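Report on one structure; see the data block that follows.
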Amino acid sequence: MFNLILFGPPGSGKGTQSEKLIAKYNLKHLSTGDLLRSEIAKKTTLGLEAKKFMDKGQLVPDEVVIGMISTALDQNPDAAGFLFDGFPRTSKQAEALDNLLKLKNLSINVMLALDVTEEELVKRLLKRGETSGRPDDNNDQVIRTRIHEYHKKTSPVADHYKKSNKVVLVKGEGSVDNIFNSLAKEIDVRLVKV
Ligand code: B4P
């Protein structure tokens with residue numbers, strides 16, 4: 001089993017690259033952003049609560065997303081591996097993920113971290129906001145809050161996995177295909193060792 005975290009700030013290409021990676025490597029895609037947006041669309045209690053945070057560009061409370069991932073792991077016992085997209089986003093979530101995987105005798109194989117400048121992130125998100133209908137994409141201030149949350153709460157997650165030498169930085173600017181090839185190269189060298 002191969003378990004991968006695709007890491008990076010908002011707008012770095014996690015969702016974009018995840019779609020291509022799951023197709024090539026037959027991994028189960030677990031995107032907390034997508035899971036939360038689906039709860040919002042269904043107007044569940046969890047979704048309505050999460051929306052309050054997401055619309056402001058803030059992270060949703062840890063317990064909510066950890067619970068969602070725990071359920072998703074249990075629901076996919078036969079997966080060939082997982083691609084975690086947008087999770088973990090805090091040190092507490094990283095510890096919880098390690099523990100949940102350990103209970104199943106699993107672990108993270110690698111964290112691929114997309115490196116993109118802030119100027120490019122804001123440009124991409126504002127552009128997506130023109131068509132996505134996502135309230136967190138079409139406001140410059142909300143986008144800046146998301147990037148601030150990333151620096152304050154999410155970037156320490158990379159330090160957590162650096163301790164076990166699992167982090168690889170990948171240039172996240174350029175064509176989608178070139179970035180995909182760089183990511184695939186890093187996965188391929190690790191897959192032969194599994
Ligand atoms: P997410 O859904 O995870 O989304 P994201 O960070 O905005 O974007 P992503 O990185 O996937 O987007 P992509 O670059 O692919 O989070 C949304 C919100 O949910 C968070 O702010 C938070 O409130 C909440 N949340 C989610 N997970 C959470 C957690 N674990 N804990 C707490 N809260 C959580 O796409 C961006 C744009 O760039 C697209 O338009 C794309 O087309 C474009 N793009 C991609 N690659 C490009 C390239 N190479 N060149 C040019 N443009 C490119």
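Hydrophobic (A, V, I, L, M, F, W, C), under 26 Å from ARG37 (Cβ atoms) and in contact with a Gly (Cβ under 6 Å, 6 or more places away or on another chain): is that true of LEU114 in this structure? The answer is yes for LEU114. Summed over the range 170-191, the residues that are assigned to a helix (DSSP H, G or I) and open to solvent by 80 Å² or more (accessible area, probe 1.4 Å) give a count of 4.
Do the conditions hold for ARG124, that is, is it open to solvent by less than 70 Å² (accessible area, probe 1.4 Å), near the ligand (Cβ under 9 Å from one of its atoms) and farther than 16 Å from GLY86 by Cα?
On the way: open to solvent by less than 70 Å² (accessible area, probe 1.4 Å): yes; near the ligand (Cβ under 9 Å from one of its atoms): yes; farther than 16 Å from GLY86 by Cα: yes.
It is true that ARG124 is open to solvent by less than 70 Å² (accessible area, probe 1.4 Å), near the ligand (Cβ under 9 Å from one of its atoms) and farther than 16 Å from GLY86 by Cα.
The number of residues in the range 96-117 being within 13 Å of the ligand (Cβ to nearest atom) and not in a strand (DSSP E or B) comes to 4. Here is a check on your reading of the model: is GLN75 within 30 Å of VAL192 (Cβ to Cβ), of a type outside the set (A, V, I, L, M) and near the ligand (Cβ under 10 Å from one of its atoms)? When the stated conditions are applied, GLN75 does not pass them.
Where residues in the range 137-169 are more than 16 Å from the chain's Cα centre (by Cα) and not in a helix (DSSP H, G or I), which of them is farthest from the ligand (Cβ to nearest atom)? Ranking the candidates gives ASN165 first. For the condition at pLDDT below 95, of a type outside the set (D, E, K, R) and out of contact with any Cys (no Cβ under 9 Å at 6 or more places or on another chain), what is the one hit in PRO135, PRO156? Result of the check over PRO135, PRO156: PRO135.
Taking the criterion of being within 16 Å of ASP115 (Cα to Cα) and open to solvent by 10 Å² or more (accessible area, probe 1.4 Å), the residues of the range 147-157 that qualify are HIS148, TYR150, HIS151, SER155, PRO156. Within the option set SER91, SER31, SER107, being open to solvent by less than 40 Å² (accessible area, probe 1.4 Å) and either in contact (Cβ under 8 Å) with a residue 24 or more places away in the chain or closer than 15 Å to VAL157 by Cβ (or both) holds for one residue only, SER31.
Filtering the range 53-72 to residues that are within 7 Å of the ligand (Cβ to nearest atom) and not in a helix (DSSP H, G or I) leaves GLY57, GLN58, LEU59, VAL60.
Residues in the range 10-38 that are more than 11 Å from the ligand (Cβ to nearest atom), within 23 Å of LYS92 (Cα to Cα) and in a helix (DSSP H, G or I): 0 in all.
The values are calculated or read from the model by the stated rules, or taken from the named source; none is laboratory data. Every value quoted in this text rests on a predicted model; they were computed, and no experiment measured them. A quick note on method: Cβ atoms are made from the backbone with ideal geometry, for glycine too, and the neighbour counts reach across all protein chains shown. Remember, those area values only see protein heavy atoms, side chains included, never the ligands or the DNA or RNA. Shrake-Rupley method; radii C 1.70, N 1.55, O 1.52, S 1.80 Å.
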